1. If I stretch the segment between Ala294 and Ala737 completely, what's the gain in nm (0.36 nm per residue apart, minus their alpha carbon distance), one decimal?
2. In the stretch 108-228, with Lys and Arg counted as +1 and Asp and Glu as -1 at Cβ, which of these residues, Phe123, Ser164, Ile110, has the Cα nearest the positive end of the dipole, that is, farthest along it?
3. Can you tell me how much longer the chain between Arg491 and Asp704 gets when fully stretched, taken as 0.36 nm per residue apart minus their C-alpha distance, in nm with one decimal?
4. How many angstrom lie between the C-alpha centres of the stretch 1-52 and the stretch 283-332?
5. For a quick check: sort Phe663, Phe128 by the number of other beta carbons within 10 angstrom, fewest at the front.
6. Mind checking which aspartates and glutamates have their Cα closer than 13 Å to the Cα of Lys636? Skip sequence neighbours fewer than 8 apart in that chain.
7. Using the structure shown, list the pairs from Lys190/Lys609; Lys16/Lys259; Lys50/Lys151; Lys93/Lys190; Lys151/Lys187; Lys50/Lys111 with a Cα-Cα distance above 22 Å, or answer none.
8. Students often check this: by mean Cβ neighbours within 10 Å, which of 15-28, 721-734, 462-475 ranks highest, and how do the rest follow?
Amino acid sequence: MDDIKALTQKMTLEEKAGLCSGSDFWHTKAVKRLSIPSLMMSDGPHGLRKQEEGADHLGIHDSIKAVCFPAACATACSFDRTLLYEMGSALGKECRAEGVAVLLGPAVNIKRSPLCGRNFEYFSEDPFLAGELACAFVQGMQGEGAGVSVKHFAANNQETRRMSVSSEVSERALREIYFPAFEKVVKDAKPATVMCSYNKLNGVYASENEWLLTDVLRKEWGFGGFVVSDWYAVSDRVKGLKAGLDLEMPGGDEENDKKIVAAVRSGELSEEVLDEAVERILRVILPLSKERTAPFDRGCDHKKAVSIAAESAVLLKNEGALPLALGEDVLFVGEFAERPRFQGGGSSHINAWRAEGALAFAEGVRYVRGFGTDGEGTEEDMKEALAAAKEAKTVVVFAGLPDRYESEGYDRTHMRLPEAEDRLIDALCEAGKKVVVVLHSGSPVEMPWIGKADAVLEMYLAGEGAGEAAVRLLTGEENPSGKLAESFPLRLEDTPSYLNFPGDKECVRYAEDVFVGYRYFDSKKEEVLFPFGHGLSYTTFEYSDLKLSSNEWREGESLIVTFTVTNTGARAGKEVVELYVSDQSGEAVRPVHELKGFEKVALQPGESKQVKFELGGRAFAYFDEKTHGWRVPNGKFVVEAGASSRDLRLFAEVAVHGRAVAFRVDGDTTVEQLFSHPATRAVMQGLLKKFRPGSSDDKLGDTDREMMRAAYLQAPLRTVRLALNMTMEQYEGLLNALNGAFEG
Ligand code: BGC
């Protein structure tokens with residue numbers, strides 16, 4: 001028996017039940033008699049939201065001062081694993097120094113709709129990107145001896161009715177879109193805890209969902225930490241424990257502990273199930289609560305926050321207006337220049353250590369307010385801005401979404417900026433000025449003035465270094481290198497979840513299935529404002545020389561993809577290169593392509609580097625609901641390399657030898673299915689020769705023959721029997737022959 005099991009055996013039933021819920025808002029219970037310490041958790045994760053008094057999960061009461069790093073909506077655009085690792089490691093050190101054992105994040109939910117109020121906390125619409133970056137972040141944090149809580153598991157993609165709504169999602173969409181980021185982190189970074197979400201998944205609360213918490217998370221992915229409930233997410237405690245929910249948070253109410261004790265006493269709950277939960281909690285608590293100190297320097301972390309913000313911002317458009325020399329002829333407009341919006345509202349809200357606006361770093365420029373950070377501006381404000389602009393060569397408008405537009409707890413209802421901002425940007429463009437728009441938003445906005453503005457720099461919610469980073473990018477001290485981790489639609493109505501977001505009273509149907517974000521827009525060739533993966537630089541890059549290690553791929557092998565990227569401009573810069581895989585086998589309905597690799601490459605002017613990717617089976621696979629497993633089709637795939645999902649520069653074909661689709665032939669099998677398989681095609685040809693030797697098709701015209709052919713191909717075998725006047729005996733013989741052909 002190991003130490004943890006032995007310790008569990010020493011605990012009374014009441015102590016064990018008690019350990020499965022917190023002592024207060026942020027702590028687990030200590031068991032002094034057995035020297036079991038209490039463990040502290042704090043929100044974040046782009047900073048520490050450690051509350052000493054006045055605890056809440058809505059960002060209302062203050063927390064200690066802490067460095068506010070950029071939120072995930074921004075850091076995802078860095079496409080830079082090393083950067084995320086470093087940010088995680090800085091936060092890990094801060095946690096240890098502040099006595100926080102577990103930081104509640106990262107949040108890896110997928111951006112299903114641009115309206116979700118918490119999108120600013122989430123990484124991407126793409127599960128591969130979200131998983132890779134979150135994994136690096138967790139490795140960085142846990143490498144410092146701090147724990148994380150990967151959240152919110154699962155299918156928590158909206159705030160509307162988040163505590164009761166049932167997300168109705170196909171298993172395929174869960175496996176291909178909503179799970180992989182969790183799966184990647186669990187398998188490769190071994191997080192201390194996973195937080196289950198508030199919502200129901202296909203009718204069952206995540207906190208009571210045995211399939212989710214035990215079958216998938218533990219048995220399939222090998223999760224070894226404990227599952228904590230989102231705050232107040234527990235409905236039926238005993239059911240939850242049986243399903244695999246170990247720790248209920250927050251604590252303070254003993255009722256559920258009593259229910260656990262009673263359930264064990266009555267035999268409703270096996271004590272072994274409780275013991276397992278206790279052991280899982282102890283296995284995390286004990287190592288994380290060891291006395292630790294960590295050197296950490298706020299000034300240094302602040303600098304890191306500035307540079308992460310600069311690496312993450314996305315230059316969306318630039319028609320020669322940037323970079324810019326700052327001086328008298330440059331006018332800054334918009335209160336965001338004084339006070340950038342750099343984080344979102346709710347439980348992730350950090351009490352920022354030091355936040356300054358761009359104005360503080362832009363000596364010599366002129367400034368008028370134009371509109372407030374609440375998005376409001378009067379006619380007077382507008383006139384004043386237009387008058388000041390007369391003297392300016394370039395106007396930089398610091399625009400963005402006000403706090404009330406985006407927060408945990410509710411969703412947006414539209415994608416527009418406040419009217420006063422759109423109006424002023426438009427008027428400045430109409431006045432013939434060079435207009436640069438700097439955006440502070442946690443998610444995409446419509447840009448009715450996009451055709452008129454000269455440049456747009458999306459800072460996202462860039463943390464306390466947002467102002468300094470923006471100036472560095474505007475002036476060219478830093479070269480923009482972020483790329484969009486989500487598509488910017490032209491209109492809300494264009495988005496794939498439009499008709500099913502946020503659903504009705506009790507449920508939200510994920511009817512778009514796997515067609516989320518660019519998977520939908522690109523498959524439908526729908527025009528977007530800016531595509532997934534898009535981002536400009538002050539230099540230019542060329543892609544060349546795409547090579548595959550083989551033009552065939554078989555199960556168990558790795559396909560090595562290499563190509564060269566060259567900086568063809570005059571400045572040093574970094575290019576995010578993207579690798580997509582397109583299944584052209586036709587076996588299943590799939591998105592036109594999916595991201596399967598990315599790298600951020602730093603290049604001096606004229607310099608070239610080769611990038612290398614390794615693709616395994618999962619890069620080609622889709623999730624087959626019939627067999628509940630991943631399946632690699634048989635057929636042609638195309639590997640695409642490029643600068644965005646719509647700017648593909650290089651292509652190469654590969655013949656993928658997956659598993660042939662095995663199926664049993666029966667009366668519902670169609671003629672087309674049988675003709676498409678070499679094994680059964682011969683049997684079918686023999687059949688036609690026998691039963692329709694002199695086909696009367698000759699008398700038909702081309703169109704009729706085509707129609708006959710199409711109808712015939714779709715016919716199931718039971719219909720073929722009738723059409724060919726086969727006896728039952730002949731028909732059964734045919735079924736046997738066809739199934740035999742497969743097996744043989
Ligand atoms: C949020 C979590 C957060 C928790 C604790 C909940 O409302 O959904 O993300 O970690 O509160 O504040």
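Computed from the coordinates by the stated procedures, all read-outs in this text should not be read as laboratory data. All figures in this text were calculated on a predicted structure; none of them were measured in a lab. Note that we place each Cβ from the backbone using ideal geometry, even for glycine, and neighbour counts take in every protein chain shown.
1. Values: separation 443, 0.36 × 443 = 159.48 nm, distance 7.22 nm.
Fully extending the segment from Ala294 to Ala737 adds 152.3 nm.
2. Ser164
3. Values: separation 213, 0.36 × 213 = 76.68 nm, distance 4.35 nm.
Contour length minus Cα-Cα distance gives 72.3 nm.
4. 34 Å
5. Values: Phe663 12, Phe128 19.
By the 10 Å Cβ count, ascending, the order reads Phe663, Phe128.
6. Straight-line reach from Lys636, under 13 Å: Glu552, Asp583, Glu587, Glu653.
7. Details: Lys190/Lys609 33 Å; Lys16/Lys259 12 Å; Lys50/Lys151 18 Å; Lys93/Lys190 18 Å; Lys151/Lys187 15 Å; Lys50/Lys111 27 Å.
The pairs that break the limit, which is 22 Å between Cα atoms, are Lys190/Lys609; Lys50/Lys111.
8. Values: 15-28: 21.9, 721-734: 13.0, 462-475: 27.8.
So the order, starting with the most tightly packed, is 462-475, 15-28, 721-734.
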